[in-house]
Amino acid sequence: MRLLLVEDDMMIGESVLDALRGEGYAVDWVRDGVMADSALRTEQYDLMLLDLGLPKMDGIAVLKALRARREATPVLIATARDAVSARIQGLDAGADDYVLKPYDLDELSARIRALLRRAAGRAEPVFSYGRISLNPATHEALLDGDPVALSQREWAVLEALIARPGMILSRAQLEEKLYSWKDEISSNAVEVYVHSLRKKLGPDLIRNIRGMGYMIAKEPAPATPRKDGGGDGTHNPCTDDAADDGGAEGGDGGGGE
C-alpha cells in the first residue's frame, strides 16, 4: 500500500515516516500543501495522512481540491487535541477520519488499517481467501492454518492482489504499491515477488494475464491436498513462471521503464 504523508514538522514527519515504513507501507512525504496537491494530481495513493496546519496551502484547501476532482482517496486528518473546530471543518470538507497530535503510533496504525478496510469495501479485519488468510494488524500470513514467512514486499504484492480478487493489476500498478519516490526499482522486481509467492502459497494462486498483468481469481479454487513446498507438486517454477512472467513484463499497459 502506498501512502502520502503531509507533515511540515521535520521531527514528527521523520518519526511517522519510520513507523509507517516499519509497517510495510511505501510512503511519500511532503512538507507543504502545494507539494501535497501536486503529488495527489500526479500519483495514485491508497491513503493520505494530512496535517491541517501547512505552509503555502493549508490542509483544508488540499482536501477540498482533492474532493472537487471527485477523487475518493481515503484521508486521515491530523489535528491538535484541542482543535475541535478544525476536526469538524476537516470532516465536513471530505476527510474520512481524524487522529490527534501528538500521535500515538499504535492508534495511527489502527486508524489507517480501518480506513483501508473501508476503502476496500470489507468489514473483516483479516483477509480470507480459500486456504490463505492475511492479518494486516500482525502481518501474519497463514496457509491451511500454518504460518508462512513473507518479506514486506511479498506481503505488499499479495495484499494488493488479494484485496481485489478478479481485478488485473499491471506491473506498474503493483510497483506503485511497493515503492515510494526515493526507492530504486529493479526491472523485474514484481516478477521476482510473484515467483516467490507462487512457491510459498501454490503455483495457481496468482495468474498472469498475458500482456496485461497479474490477478487472483474472483473465487478461490477448490481445496486440494497440500504437499511440501506448496501447491500440487506438478509446477516447475523455473519454466512455468518464466513463461508467465515474461508475458506480464512484456506489455502491462504502463510498466515500461
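The values are calculated or read from the model by the stated rules, or taken from the named source; none is laboratory data. As the structure is a computational prediction, the values presented were derived from the model and not from experiment. For neighbour counting, all protein chains shown are included, and Cβ atoms are generated from backbone atoms with ideal geometry for every residue, glycine included. Each accessible area value is taken on the protein alone, full model and side chains, heavy atoms only, with ligands, DNA and RNA left out. Shrake-Rupley method; radii C 1.70, N 1.55, O 1.52, S 1.80 Å.
Miscellaneous remarks
- What the chain shows is 49 Å² of accessible area per residue, with the surface traced by a 1.4 Å probe over protein heavy atoms.
- Summed side-chain charge close to Lys56 - residues other than Lys56 whose Cβ falls under 12 Å, Lys, Arg +1, Asp, Glu -1: -3
- Ellipticity estimate at 222 nm from DSSP helix runs (n ≥ 4, -39,500 (n - 2.57)) divided over the chain, nearest 500: -12500 deg cm²/dmol
- Between Lys101 and Thr79, Ala80, Arg81, the built amide H atoms are under 5 Å apart, and every one of these is 5 or more places off in sequence or on another chain.
- Within the shell defined by Cβ-Cβ distances under 10 Å, the residues around Arg2 carry a net charge of -4, with Lys and Arg each +1 and Asp and Glu each -1.
- Sorted on the mean count of surrounding Cβ atoms within 10 Å across their residues, most packed first, peptides 214-220, 93-99 read 93-99, 214-220.
- The chain: angle of helix 237-250 to the longest principal axis, Cα-based, in degrees nearest 10: 50 degrees
- In sequence order, segment 26-34 has phi-based couplings of 8, 10, 9, 10, 10, 10, 8, x, 5 Hz under the Karplus curve 6.51 cos²θ - 1.76 cosθ + 1.60, θ = phi - 60°, and Gly or Pro positions carry x.
- Cα gyration tensor, the chain - rounded (a/c under 1.5), prolate or oblate: prolate
- Between amide H atoms placed 1.01 Å from N, distances below 5 Å from Gly202 occur with Gly231, all of them 5 or more places distant or on a separate chain.
- Principal-axis analysis of the Cα atoms of the chain puts helix 105-119 at an angle of about 70° to the longest axis.
- 25 Å Cα-Cα reach of Lys101 towards lysines, excluding residues that sit fewer than 8 places from it in its own chain: Lys56, Lys64
- Shown for the chain: the carbon plus sulfur share of the solvent-accessible area, taken with all protein chains present and a 1.4 angstrom probe, equals 51%.
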